[in-house]
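Below you'll find the structure, written out as structure tokens, and then a few comments.
The values are calculated or read from the model by the stated rules, or taken from the named source; none is laboratory data. Every value quoted in this text rests on a predicted model; they were computed, and no experiment measured them. Ideal geometry is used to build each Cβ from the backbone, glycine not excepted, and the neighbour counts take in all protein chains shown.
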Amino acid sequence: MTADSNEVVTQMNQNTRGSDAAQLQAAMIMTGMKRRATESTEIPSVILNTALQGTSFAVQAELLKKDAVHKVIQRSRNAIIGAPLQLVDRA
């Protein structure tokens, strides 16, 4: 607020941080690995190694750790298969 005119002056901050190309590429790789996990029966390490072929170190640094990627792949598969039925004995 200025003292002379009693007007409120606002200043909008401009976001200068754009989307990081390595983060975007890493997200695309993760999406591809999830899709491949649901479409194939390959083990997680094969899916991971195939997805990482030809990627830069910057992109690899943005990805999750190896064990976390394995869990993501397993969870993607479990979501498609579903949980096993729990039979209840009502005898």
**Asked** Which residue pairs have Cβ atoms closer than 9 Å, lie 6 or more positions apart in sequence or on different chains, and pair a first residue in the range 40-64 that is closer than 13 Å to Ile29 by Cβ and assigned to a loop (DSSP other than H, G, I, E, B) with a second residue that is of a type in the set (Gly, Ala, Ser) and modelled with pLDDT under 90?
**Response** Ser56/Ala22
**Filter result (in contact with a helix residue (DSSP H, G or I) (Cβ under 9 Å, 6 or more places away or on another chain) and either modelled with pLDDT of 90 or more or in a loop (DSSP other than H, G, I, E, B) (or both)) within the range 1-22** = Asp20
